[in-house]
Every structure is written in structure tokens, then in C-alpha cells.
Amino acid sequence: MLSSRVPRDYTPNPLAVLLQEKRAAGRPILDLTVTNPTSVGLPTLSVRALAAIADPEGARYEPDPRGRREAREAIAAYYAARGTPAGGIDPARIFLTASTSEAYAHLFRLLCDPEDEVLVPRPSYPLLAPLARLEGTHLRQYRLAYDGRWALDLDSLEAAIGPKTRAVVLIEPNNPTGSCLSPTERAAVESICAERGITIISDEVFGDFPWPPRPEVLPSWSDERRVATFVLGGISKLCGLPQMKLGWIAASGPEGAMRDALSGLEWIADLFLSVGTPVQVALPRLLEERAGFQSAVRERIDANLTILRGPAGKRGARSPAEDDDPPFLLLEGEGGWSAVLRFTRPAAAAGSESVAEWALRSRDVLLHPGHFYDLPGEDDVVVSLLTPPAQMAEAALRIRDGWR
């Protein structure tokens, strides 16, 4: 009855079962996995932003497959303010979507026939696999490796390219590693794609959140490119408004390659028309009002990184085992809302359990296991940097005291 694209097994994983048991027993859990900005005490919609959403203009319905012109102009102005050269992005090359997930789905539909392939980083966010599966697209992985910093394994990227490769997904900063490509790596990727006629999809939803002390936003692929390039963004992360449901695709590249791509993307978008008019009308104001939210997030990221680099954790590469060594290392990134911790002691304290299972069972601390993101280390875990700092500090101390 159901297509092969839909899973058959919905059995909860062992960590989810343990969490359900803990909560059913009334145990208060220190949850370090929440990345929903509306549920962790960060600034929400201002009075001015709420007024913009209530604008009477939002009651009119005048559908445009690319999205309301004023909204697309506001996005183009955002990129121009970020320093995109060559006059910024043409609003005619911007398409509004309901989310980054929908943006991925549109691009898989645009670029891939059934069984075609898209390359994605490993580690990366686990949502990409089911999205590709729903569109009949195969994913192949290329490797990001950590040796004091996360670096692109160019050999693995080239080895993953085959006759059915249609696109390479770049996520900058990556979720969960927080890593970005170096200028040399960026140039190499673009050259490889130009030589082989491969499209670049650059997911930059966390690009406005560099890790302190870096003050400036992170580099973007939004300037004019040698190959067809689609940059993904949205207000879920940029403004902390996932409930507003507005993202976008910004296209750049050679005119010839873009002509057919833009026509095809417009045709696909016209089938869905998924973005509500009120949020499109409000978008210029929402983008103007983002500074307060972003400032609060950067302060929280700074506070949490300080905690993770402090007595409970350690910054940088692995050190020789000593009695006073902290239980984990922070694997340094460059931006974003998540961080990878690598536990530095043998898992004797956890026995045969994963670190995440041990932390939840014995310390009432919820961490994301690294294997959720295809992280290479058996003792890697992922935490959210949006966690309230007092909660992060308490969890870090519980882990340190229990791991001994």
C-alpha cells in the first residue's frame, strides 16, 4: 500500500525509550539538545515585528511563484549588507520557500532524476537522508576530518563523484561541527564542480552566528559563481522565528546555466505556493529587527563555549591522559548553534553504554549521540549552544563528577 520511500519501522531508539522512562518517573532532565530558539528564553517577536505581521496587506492574495517582490528585495538587501560583491543578488533570482527542508526538496526535484546522486558532508544533519529518499535521490558522503580543526577531505569528495552526481551540498557552518571551508578548500570545490558540470547547494542558515571572538558574519557563496550555485537561508535561524515558516533559495552562476534552472525552479514553486502572505509582507521588518535576537544568541554561544572549555572540558587536541584531565574535549568550530564534544577517557565509566546513554541514565543529562550525525568517534556527542548557560554549567559539572 505504501511507497518504498516511507519508513516501515518507527520503533524508538534506546535513548528515546530511556528518556520516556525518566520523564514518566518524574525525573527532571537537563536537556542539552534543544535548538528551538522559541523555547530557551531568547528574545522573541518585538512589538514592531508583531505589528508588521498584522499588516492588513497580508489579507490579500496575489500569488507569485518566486514570492512577493518586496520580500525578495529585502533578502537581496540583507546579502548586500553582508558584503556580497558585484551589487548583491538580483531579487529575480530569489525564491521563497516555507523552510530550508522545502528548499532542499525543490532543488532535488529540479536537479535529479530518480536514482541520481547528491554529495553531502559527513558528519552533517540527519534530515538530509529522508528528504532525499522522499524525492528518489541517492546521497553519497564525503568526509570532514578533525585534526585540531575540521577540514575537507578532498580525496573523499573526488572519490564520491560518479556519472550520476548532480550536486554537492555544502553546509557552512556545518551542523553539528560548526566548521567552514577554508578559502583554499572553497576554491578547490568550485574548480571540481566547474570541471564536471556539478551544481553547488550551499546551506548557510547559521552564517550570521560566528563563534566569538570573531565579530563578522561567515563567508557566503552568494556572490557570482563559476558554476550554478543555490544558497539556502531563512528566518528560522536568522531571526529566531521557526514558527513563521519562511526560507529562501538564492541562485547565482553563469547566465546560460541559470536560464533553464530559474525557469524550472519557478515551475516547481508555482505548484506549491507554500509561503503565507502575512509573513512575506512582514519580512522586511523581521529582517530589520533581527539584531536583538542575534546579539542574545551570540552572548549565549560565548557563555556556553566558555563553560565547555572550562574545568569540565578542554579546548583543542587530545592531551596525554592524566588524573586531572577533563572528561571531554570541545572540537573547535567556527560558527553555528551546536558543538561536538569528544570524551577523552576510556568508556569504563559507562561500561558498554554509549556516552549519551550513560549521561542520561546516571546523570539525568540529555546529549545527542554522535552517530545521529555520522560523527566518527564512538564517544562523540553533540550539544546545543542555545542551552541556558546555568543549565549547561550544571550539566557539565554532573558529567565531570560522574565520569571520574
Exercise. Select from segment 245-259 the residues that are in contact with a Lys or Arg (Cβ under 9 Å, 6 or more places away or on another chain) and at pLDDT below 95 and list them in ascending order.
Key: Ser252, Gly253, Pro254, Met258
Practice problem: Among residues belonging to segment 199-248 that are of a type in the set (A, V, I, L, M) and surrounded by fewer than 21 Cβ atoms within 10 Å (Cβ to Cβ), point out the one that is farthest from Val120 (Cα to Cα). | Solution: Val217
Practice problem: Go through Ala350, Ala291, Ala356 for me and flag whichever is modelled with pLDDT under 90 and either under 29 Å from Cys239 (Cα atoms) or hydrophobic (A, V, I, L, M, F, W, C) (or both). | Solution: Ala350
Self-check item: Condition check for Ala74: touching a residue at least 40 places away in the same chain (Cβ under 8 Å), among the aliphatic types (A, V, I, L, M) and more than 28 Å from Val381 (Cα to Cα)
Solution: yes
Quiz item: Just wondering, is there one or more residues in segment 227-236 that are within 30 Å of Ala282 (Cβ to Cβ), among the hydroxyl-bearing types (Ser, Thr, Tyr) and in a helix (DSSP H, G or I)?
Solution: yes
Quiz item: Name the residues in segment 353-404 that are within 14 Å of Pro14 (Cα to Cα), open to solvent by 20 Å² or more (accessible area, probe 1.4 Å) and small (Gly, Ala, Ser), would you?
Solution: Ser354
Quiz item: Quick one: in segment 125-161, which of the residues that are hydroxyl-bearing (Ser, Thr, Tyr) and closer than 30 Å to Leu2 by Cβ is most open to solvent (accessible area, probe 1.4 Å)?
Solution: Tyr125
Exercise. Output the number of residues of segment 8-57 satisfying the condition of being surrounded by 10 or more Cβ atoms within 10 Å (Cβ to Cβ), out of contact with any Asp or Glu (no Cβ under 9 Å at 6 or more places or on another chain) and assigned to a loop (DSSP other than H, G, I, E, B).
Key: 14
Self-check item: Selection within segment 62-112 - among the small types (Gly, Ala, Ser), in a helix (DSSP H, G or I), within 30 Å of Arg133 (Cβ to Cβ) and open to solvent by less than 20 Å² (accessible area, probe 1.4 Å)
Solution: Ala103, Ala105
Exercise. Test Asp9 against the criterion of being over 23 Å from Val279 (Cα atoms), in contact with a strand residue (DSSP E or B) (Cβ under 8 Å, 6 or more places away or on another chain) and charged (D, E, K, R), and give yes or no.
Key: no
Exercise. Tally the residues that are in a strand (DSSP E or B) and open to solvent by less than 40 Å² (accessible area, probe 1.4 Å), restricting the search to segment 113-124.
Key: 5
Quiz prompt | Selection within segment 192-226 - in a strand (DSSP E or B), touching a residue at least 60 places away in the same chain (Cβ under 8 Å) and of a type in the set (Ser, Thr, Tyr) | solution = Thr199
Quiz item: Taking Thr177 and the conditions (1) closer than 27 Å to Arg109 by Cβ; (2) polar (S, T, N, Q); (3) part of a loop (DSSP other than H, G, I, E, B), which numbered condition does it fall short on, given that it satisfies the others?
Solution: (1)
Quiz item: Pick from segment 296-320 the residues that are modelled with pLDDT under 85 and basic (Lys, Arg): which of them is farthest from Val383 (Cα to Cα)?
Solution: Arg318
Quiz item: more than 30 Å from Ser295 (Cα to Cα), at pLDDT 95 or above and assigned to a strand (DSSP E or B), is that true of Leu170?
Solution: no
Practice problem: Considering only segment 361-400, state which residues are part of a strand (DSSP E or B) and touching a Phe, Trp or Tyr at 6+ places or on another chain (Cβ under 9 Å). | Solution: Asp380, Val381, Val382, Ser384
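The values are calculated or read from the model by the stated rules, or taken from the named source; none is laboratory data. Everything numeric here is computed off the predicted structure, so don't read it as measured data. Every residue, glycine as well, gets a Cβ built from its backbone with ideal geometry; the counts of neighbours run over all protein chains shown. Accessible surface areas use protein heavy atoms only, side chains included; no ligands, DNA or RNA. Shrake-Rupley method; radii C 1.70, N 1.55, O 1.52, S 1.80 Å.
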